[in-house]
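A short reminder: the numbers here are calculations on the coordinates, not readings from a lab. This structure is a prediction, so every number in the text was calculated from the model and none was measured. Reconstructed Cβ throughout: ideal geometry from the backbone, glycine too, with neighbour counts over all protein chains shown.
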Amino acid sequence: MHSFTKVARPLSGSRLLLKFKKLHPYSEVSPFTKDFAFRRLTQVVSPSINALGFEATSVEKPNRPIYLDLQATTPTDPRVLDAMMPYLTEQYGNPHSRTHAYGWEAEKAVEQARAHVANLIKADPKEIVFTSGATESNNISVKGVARFYKSSKKHIITTQIEHKCVLDSCRVLAEEGFDVTYLPVQPSGLIDLNLLAESIRPDTSLVSIMTVNNEIGVTQPIKEIGQICRSKKVFLHTDAAQAVGKIPLDVNEMNIDLMSISGHKIYGPKGVGALYVRRKPRVRVEALQSGGGQERGLRSGTVPTPLVVGLGEACKIAKEEMEYDSKRVKKLSQRLVDGIMGKVQHVVRNGDPNASYPGCVNLSFAYIEGESLLMALKDIALSSGSACTSASLEPSYVLRALGADDDMAHSSIRFGIGRFTTEQEIDFVVNKVVQHVDKLREMSPLWEMVQEGIDLKSIQWSQH
């Protein structure tokens with residue numbers, strides 16, 4: 001039998017818990033969760049001398065990069081994990097089992113989570129449908145409404161900067177014979193409200209516009225959009241995955257008829273989301289999935305109790321701490337922007353900073369490639385845009401819609417700031433960005449020409 005040696009090695013679970021306790025000293029997590037995190041401090045990494053006959057040395061694991069990709073996903077809050085644990089262990093009943101205590105306690109937990117989600121957006125719990133995430137919620141909303149009302153209404157309106165799942169859903173509907181209008185945006189990233197009103201037709205069934213854009217953080221005037229849609233008796237759907245829990249939302253005040261929510265964007269678990277569907281006036285939706293008729297028949301399939309409980313707890317925490325988190329994120333965001341733009345020339349912030357969520361900062365660095373900067377910043381986890389389109393080498397379609405040139409679109413970096421980000425991390429990031437931008441520009445012949453006062457746009461480049 002082989003024997004193994006243990007070495008101390010801090011991993012993500014323990015580090016996050018330590019960070020959480022530092023930022024939230026008066027919040028408590030259970031001994032169970034503490035044990036779960038700190039048991040990861042020791043991991044089996046190498047066979048012993050007795051096992052192999054020679055000495056094996058352990059290799060120190062390098063520190064993981066600073067995480068500033070909060071629009072792609074957020075770390076699970078330890079308090080969320082705490083709430084989920086009982087339903088991953090002892091309380092494992094099916095919430096749809098009505099004949100015994102296991103099912104009853106699971107159902108109670110699901111309904112409590114439903115109430116937490118509803119409370120965050122000021123909805124009725126009966127209007128909340130649990131899904132696998134915002135992508136599914138968007139698909140149900142766009143396709144479901146369009147197909148239900150297709151006999152009398154065949155027109156849909158969205159924008160050119162929506163999430164890919166909304167744009168692809170509209171493309172599918174266009175192939176089915178629907179007419180889709182893709183509204184352009186202004187250089188600020190905001191839509192033209194007058195153009196929206198003019199685009200609505202008698203046969204328009206749905207307007208789908210994202211609340212906070214996932215690449216540039218621009219916040220659309222959803223309340224005003226809702227007023228226009230309600231006055232013309234058109235349903236409004238909003239993808240609020242990047243907004244829920246971060247900015248105040250009221251589905252009634254904003255006249256929102258359908259809203260998509262994602263668990264892992266608000267420090268909850270992956271694989272779970274929710275869809276708000278208004279009951280009065282009632283929104284009819286054709287289900288995409290057949291099955292047992294769970295979730296008011298809109299989303300058949302067993303509701304995953306642990307994930308739903310995690311989403312509910314994340315919403316509960318978000319509501320309680322929104323004001324505190326918002327002030328911290330805004331302060332850190334300003335520190336980041338001032339630090340970089342105060343030391344680096346020719347940096348453009350994409351999107352209107354006065355109409356944006358401060359936790360999403362998208363900067364374009366002229367005369368360098370964004371991908372090169374990302375590779376140089378290996379100590380920081382960042383991205384150049386949506387995680388759902390990061391495999392593409394094409395410039396961001398969102399930045400192109402704002403009117404950005406290809407070279408500026410290619411040079412963009414998205415910085416995500418969240419609940420567990422610290423001032424020390426922001427200062428580290430600022431110093432690294434400044435250092436590597438200067439270094440990459442020194443290697444760029446274009447930068448050398450700019451320094452000499454040459455207008456690059458005046459040059460006629462030869463074609464090969």
Surrounding charge for Arg114, neighbours by C-beta under 11 angstrom, Lys/Arg +1, Asp/Glu -1, total -3
Ranking request for peptides 419-426, 174-181: highest mean number of other beta-carbon atoms within 10 Å first, then the rest in descending order.
419-426, 174-181
Loop GluC sites (Glu not before Pro), the range 247-341, which have at most 14 other Cβ atoms in a 10 Å radius of their Cβ (DSSP)
Glu253, Glu286
Environment charge of Ile216, counting only residues whose C-beta is closer than 10 Å and scoring Lys/Arg +1, Asp/Glu -1
0
Just in the range 340-380: which trypsin sites (Lys or Arg not before Pro) are loop by DSSP and have at most 11 other Cβ atoms within 10 Å?
Lys378
